[in-house]
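*Asks:* Below you'll find the structure I mean.
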Amino acid sequence: MPELPEVEIVKKSLIKKIKSRKIKQVIVRNNKLRFKLKKSFKNKLEGNKISNVSRISKYIVLELNSKSYCVFHLGMSGTIHLIYKKKLNNITNTSFYNSPFLPKKHNHLEFVFDNIKMIYNDPRRFGFFKIFNNQKDLKNYFSKYGPEATSNKFNFKYLESKL
């Protein structure tokens, strides 16, 4: 399973490459991930702009201009690849552990932007994508999670109260 520093690097890579871009098309090659994708998945994403990319624990959060959210988890073996349309060496992995080349199998989802594609690859299919229609639903989903390990809220006082 990707550790927190790897997920943070994926988040930072996505901020640089897809923030403020419009999702022109979503291609679902396999909807049977850890949780089966709903039929409305594509429609809720296409035409939206990525207004922000953030992280909650080991989840990546894509904030959409429609004030909805696409949250995904890489699972045990998931990776995000970015493919540029006009570069010769155009395949990059957003993480630092795996090959920089796009595998030929297990490319389950593609997010197509104007000159770049984001591809989710996962041989084990333990990762997942979930849409939240508003911030309240997003916060509710993560309400049982503790504070971020890097935040000021994770301090001695918090740890002492939990012990």
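The values are calculated or read from the model by the stated rules, or taken from the named source; none is laboratory data. All figures in this text were calculated on a predicted structure; none of them were measured in a lab. Counting neighbours? That spans all protein chains shown, and the Cβs are built from the backbone with ideal geometry, glycine included. Ligands, DNA and RNA are excluded from the accessible area calculation, which covers all protein heavy atoms including side chains. Shrake-Rupley method; radii C 1.70, N 1.55, O 1.52, S 1.80 Å.
*Asks:* Hey, what did the range 1-123 get for relative contact order, percent, Cα under 8 Å, at least 6 apart?
*Replies:* Numbers: 235 pairs, mean separation 35.1, N = 123.
Relative CO of the range 1-123 lands at 29 percent.
*Asks:* Here is a further query. Enter the accessible area of LEU37 (Å², nearest 10), with the probe set to 1.4 Å and all protein chains included.
*Replies:* 10
*Asks:* Here is a follow-up. Provide the per residue accessible area, probe 1.4 Å, for the chain, rounded to a whole number of square angstrom.
*Replies:* Numbers: 9950 Å² over 163 residues.
That works out to 61 Å² for each residue.
*Asks:* Which value, in debye to the nearest 20, describes the size of the charge dipole of the range 8-52 about its Cα centre when Lys and Arg Cβ atoms bear +1, Asp and Glu Cβ atoms bear -1, and nothing else is charged?
*Replies:* Values: 17 positive and 2 negative charges, 15 e Å.
For this selection, approximately 60 debye.
*Asks:* Rank these by accessible area, largest first, 1.4 Å probe: THR150, THR92, THR79. Each step should come with its number before you reach the end.
*Replies:* Numbers: THR150 110, THR92 50, THR79 10 Å².
Greatest to least solvent exposure: THR150, THR92, THR79.
*Asks:* Right, something else. Relative contact order for the range 63-163: what percent, with Cα pairs under 8 Å and sequence separation of 6 or more? Present the calculation step by step, with values, prior to reporting the outcome.
*Replies:* On the way: 143 pairs, mean separation 32.2, N = 101.
It comes to 32 percent, rounded to a whole number.
*Asks:* Note down the nm distance, to one decimal, between modelled labels 7 Å out along Cα→Cβ at ASN134 and at LYS104.
*Replies:* Rounded to a tenth, the inter-label distance reads 4.9 nm.
*Asks:* What distance in nm lies between label points placed 7 Å from Cα along the C-beta direction at GLU46 and ASN65?
*Replies:* 1.7
*Asks:* Based on the Cβ-Cβ distance from ILE83 to LYS153, what FRET efficiency comes out when R0 is 35 Å, to the nearest 0.05? Mind dumping the intermediate values first?
*Replies:* Working: r = 38 Å, r/R0 = 1.08.
It comes to 0.40.
*Asks:* Run the accessible area of the chain with a 1.4 Å probe and give the carbon-and-sulfur part as a rounded percent. Provide the component values of the computation, followed by the final result.
*Replies:* Numbers: 5100 of 9950 Å².
Percent of accessible area from carbon and sulfur atoms in the chain: 51.
*Asks:* Next question. With labels modelled as points extended 7 Å from the Cα through the Cβ direction, what inter-label distance (nm, one decimal) is found for GLU8 paired with MET76?
*Replies:* About 2.6 nm separates the two model spin labels.
*Asks:* If we count GluC sites (Glu not before Pro) as exposed when they sit in a DSSP loop and have at most 16 other beta carbons within 10 Å, what is the longest stretch of the chain that avoids them all?
*Replies:* Formally, the longest exposed-site-free interval is 47-147.
*Asks:* Separate question: For the range 1-68, compute Rg over Rh where Rg is the Cα radius of gyration and Rh is the Kirkwood radius from the inverse mean 1/r over Cα pairs. Show your work: numbers first, answer last.
*Replies:* On the way: Rg = 12.8 Å, Rh = 13.1 Å.
Radius of gyration relative to Kirkwood radius: 0.98.
*Asks:* Please report, in debye to the nearest 20, how large the charge dipole of the chain is about its Cα centre when each Lys and Arg carries +1 at its beta carbon and each Asp and Glu carries -1 there.
*Replies:* Values: 35 positive and 11 negative charges, 120 e Å.
The dipole magnitude comes to about 580 debye.
*Asks:* Here's another thing I want to ask about it. When Lys and Arg each count +1 and Asp and Glu each count -1, what net charge do the other residues less than 14 Å away from LEU159, Cβ to Cβ, add up to?
*Replies:* Numbers: positive: LYS153, LYS157, LYS162; negative: GLU148, GLU160.
Residues close to LEU159 contribute a combined charge of +1.
*Asks:* Count neighbours as other Cβ atoms within 10 Å of each site's Cβ, and list the trypsin sites (Lys or Arg not before Pro) in the range 111-144 that are DSSP loop with at most 14 such neighbours. Walk me through the numbers before you get to the answer.
*Replies:* Working: sites: LYS117, ARG124, ARG125, LYS130, LYS136, LYS139, LYS144; in loops: ARG124, ARG125, LYS144.
Passing sites in the range 111-144 are ARG124, LYS144.
*Asks:* Next question. So what's the angle, to the nearest 10 degrees on a 0 to 90 scale, between helix 4-18 and the longest Cα principal axis of the chain?
*Replies:* With both axes taken from Cα atoms, the answer is about 50 degrees.
*Asks:* Related question: For Cα Rg over 2.2 N^0.38 Å, which listed value, [x] 1.23; [y] 1.11; [z] 1.06, comes from the coordinates shown?
*Replies:* [z]
*Asks:* With just the Cα atoms defining each centre, how far is the range 1-26 from the range 118-144? Give it in Å.
*Replies:* 13
*Asks:* Right, here's the next one. Which of the chymotrypsin sites (Phe, Trp or Tyr not before Pro) found in the range 58-159 are loop residues per DSSP with 15 or fewer other Cβ atoms within 10 Å of their Cβ? Intermediate results must be reported in sequence, preceding the final value.
*Replies:* On the way: sites: TYR59, TYR69, PHE72, TYR84, PHE96, TYR97, PHE101, PHE111, PHE113, TYR120, PHE126, PHE128, PHE129, PHE132, TYR141, PHE142, TYR145, PHE154, PHE156, TYR158; in loops: PHE96, TYR97, PHE101, PHE113, PHE126, PHE142, TYR145, PHE154.
Those satisfying the criteria are PHE96, TYR97, PHE101, PHE126, PHE142, TYR145, PHE154.
*Asks:* With the dipole of the range 1-43 worked out from charges on the C-beta (+1 for Lys and Arg, -1 for Asp and Glu) around the Cα centre, which of VAL28, PRO5, ILE15 lies farthest toward the positive end?
*Replies:* VAL28
*Asks:* Also: Placing +1 at every Lys and Arg Cβ and -1 at every Asp and Glu Cβ, with all other atoms neutral, what dipole size does the range 37-127 have around its Cα centre, in debye to the nearest 20?
*Replies:* Working: 16 positive and 5 negative charges, 39 e Å.
Roughly 180 debye for the range 37-127.
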